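This is the structure, below, for whatever I ask next.
The values are calculated or read from the model by the stated rules, or taken from the named source; none is laboratory data. The model shown is predicted, which means the values in this text are computed figures rather than measured ones. Note: ideal-geometry Cβ built from the backbone for every residue, glycine included; neighbour counts use all protein chains shown. SASA here: full protein model, heavy atoms, side chains in, ligands and nucleic acids out. Shrake-Rupley method; radii C 1.70, N 1.55, O 1.52, S 1.80 Å.
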Amino acid sequence: MGTVIGTIVLVVFIVLVVVAVVRSVRIVPQATAGIVERFGRYHRTLNAGLNIVTPFIDHLRPLSAS
């Protein structure tokens, strides 16, 4: 029974790590920029390309051209 519980805990841990990695990698399309908000306030601007943000804390909003 202990092996089953250990396996379930390991699977849940692996799923949480994968979700955190997926949420931290952001791709901003070419010729656009993104605004990173941390807890609803402006934190920084991301340029086009592959970017890393803090998962569950930072939120990426697209920069709209007006």
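Are any residues in the range 34-59 surrounded by 14 or more Cβ atoms within 10 Å (Cβ to Cβ) and aliphatic (A, V, I, L, M), and if so, which ones?
Selection gives ILE35, VAL36, LEU46, VAL53.
Tell me, which strands (runs of 3 or more DSSP E) wholly within the chain include 1 or more residues that are at pLDDT below 90?
58-62
Does any residue in the range 1-30 that is charged (D, E, K, R) come within less than 6 Å, Cβ to Cβ, of a residue that is surrounded by 10 or more Cβ atoms within 10 Å (Cβ to Cβ) six or more places away or on a different chain, and which pairs are these?
These pairs meet every condition: ARG23/PRO55; ARG26/ASN51; ARG26/VAL53; ARG26/LEU60.
Which residues, taken from the range 39-60, are basic (Lys, Arg) and within 12 Å of the chain's Cα centre (by Cα)? Lay out the reasoning, then the answer.
Here is the first cut: in the range 39-60, the residues basic (Lys, Arg) are 41, 44.
Within the range 39-60, none qualify.
Confirm whether ILE27 is within 17 Å of the chain's Cα centre (by Cα) and open to solvent by 100 Å² or more (accessible area, probe 1.4 Å).
So ILE27 passes the test.
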